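J.: Just dropping this structure here.
The values are calculated or read from the model by the stated rules, or taken from the named source; none is laboratory data. For clarity, every value in this text was computed on a predicted model and none was experimentally measured. Here the Cβ positions follow ideal geometry from the backbone for every residue, glycine too, while neighbour counts run over all protein chains shown.
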Amino acid sequence: MGKILLKSVLMQNVGEKPMRKDVLVDGNKFSKISDQVSPEMAGGAEVVDCKDFALLPAFYNGHTHAAMNLLRGYADDMELSKWLNEYIWPFEAKLTDKDIEIGSRLGILEMIKSGTVFFADMYWHREQTMKVVEEMGIRATIGVTIADNLMTEEGLNANFEFLKNHTGESERVKLSVMPHSVYAVGEKNLKRCIEMSEQENYPLHIHLSETASEVENCIAQYGCSPVELLERLGGLNRMVQAAHCVHFSDKDMEIFAKSGATAILNPCSNLKLSSGIPLIAKMMDAGVNIALGTDGASSNNNLDMHEEMKLAALLAKVQGGAEKLPASEAIMMATARVAELNGINAGLIAEGKLADGLLVRLDNERMVPCHDLISNWVYSADSRSIDSVICNGRFVMRGGHVDGEEDILKEAESCAARLAGR
Ligand SMILES: [Zn+2]
């Protein structure tokens with residue numbers, strides 16, 4: 001698309017009154033944000049009149065399983081271990097490359113339509129998901145998943161070999177090492193993952209302390225909590241992105257905060273699976289780095305980061321008082337913080353940042369009146385107010401429409417019906 005001049009965009013930095021700004025996107029970056037950018041200065045860029053929109057940071061989903069969108073509504077209203085062992089893992093064992101491609105496309109479509117331009121994904125058949133990310137124009141960190149209980153020795157070795165021989169795939173798609181959890185990966189392979197993360201500079205992404213029984217079993221097996229186990233193995237540091245972190249003791253929080261690791265909280269999934277409520281306020285007080293993700297659509301049951309952001313803010317308030325986790329902080333957990341963790345220079349609407357953003361309708365009924373744009377966005381709005389989504393300087397959704405969305409839905413419906421034997 002080349003240069004775009006997004007003209008007359010209403011911008012607001014937190015705590016300031018709304019201002020109208022012109023925003024020039026040059027290539028894949030915001031190159032100029034000022035009161036007025038002349039079309040001459042923009043060098044023939046496409047001019048979009050944005051007087052009815054606010055330009056807000058897009059969402060970055062810190063933890064999900066995109067292709068699991070095929071399992072949305074397949075196994076609900078049960079706790080995690082029954083859900084995983086009796087329904088999810090047997091269903092997943094049937095998935096082919098093509099199914100993963102179709103499921104990923106459905107997940108990414110849903111993410112784009114709810115304003116998300118990046119996701120950290122832990123799943124199988126990673127090449128299919130990578131292909132669809134490239135095709136649909138967003139960003140991802142794709143996990144090379146390690147799970148002793150679901151993989152052969154040969155498969156495990158192949159994955160470690162793959163990580164050794166790659167340095168990240170493309171401008172928009174990166175890799176990370178993803179041991180599933182301390183209950184699905186034994187000490188030996190956890191160590192290999194930690195070494196791989198250190199040697200090859202990959203983020204290490206893991207489900208951690210999601211349920212009380214995970215912690216109890218870890219104590220029974222190793223004599224310590226999952227957090228302490230990672231620390232003992234030398235694997236708790238800035239490179240760690242730990243999903244869930246629901247059952248942290250005070251000691252866990254202290255160790256975790258000191259290490260510089262990040263907790264990727266997924267409160268919707270934790271509530272639905274009855275795993276517990278992440279101790280957001282306490283974690284913030286302990287100095288734990290926190291970011292947000294949705295988890296997969298079979299436990300959430302959607303990939304809407306807006307819901308996660310609002311729920312996180314509300315939970316923090318009921319735990320720590322109404323001033324805890326203000327809107328300006330909650331939005332960072334769903335945007336810039338996840339981007340930064342994944343090495344993406346984005347998440348803020350600022351000159352020099354990668355041009356990712358959302359054009360949000362100011363005439364949507366949930367955005368009126370506009371006493372405070374960020375407050376409206378975090379506490380009132382939902383994804384219906386998102387008109388357009390920009391990623392890497394290109395529109396991936398425009399006027400509420402994503403190219404090919406009707407076919408994506410049709411194909412996903414028939415694929416899921418076949419897999420479920422309907
Ligand atoms: Zn997960």
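J.: How many of the residues making up region 182-191 are away from the ligand (no atom under 16 Å from the Cβ) and not basic (Lys, Arg)?
T.: Of the residues in that region, 4 qualify.
J.: Could you list all residues from region 276-314 that are part of a strand (DSSP E or B) and away from the ligand (no atom under 16 Å from the Cβ)?
T.: Selection gives 289, 290.
J.: Can you list the strands (runs of 3 or more DSSP E) lying wholly within region 27-125 that have 1 or more residues being among the aliphatic types (A, V, I, L, M), more than 27 Å from residue 146 (Cα to Cα) and within 16 Å of the ligand (Cβ to nearest atom)?
T.: By residue number, no strands (runs of 3 or more DSSP E) qualify.
J.: Among the candidates 313, 297, 286, 334, single out the residue that is buried (at least 21 other Cβ atoms within 10 Å of the Cβ) and closer than 23 Å to residue 239 by Cα.
T.: Answer to the check: 334.
J.: Taking residue 291, is it of a type in the set (A, V, I, L, M) and in contact with a Lys or Arg (Cβ under 7 Å, 6 or more places away or on another chain)?
T.: Yes; evaluated as a whole, the condition is true for this residue.
J.: Could you grab me the full set of residues in region 289-348 that are touching a residue at least 24 places away in the same chain (Cβ under 8 Å) and polar (S, T, N, Q)?
T.: Selection gives 289, 294, 298, 299, 300, 301, 302, 319, 328, 335, 342.
J.: Quick check, is residue 84 closer than 14 Å to residue 269 by Cβ, modelled with pLDDT under 95 and out of contact with any helix residue (DSSP H, G or I) (no Cβ under 6 Å at 6 or more places or on another chain)?
T.: Criteria met by residue 84.
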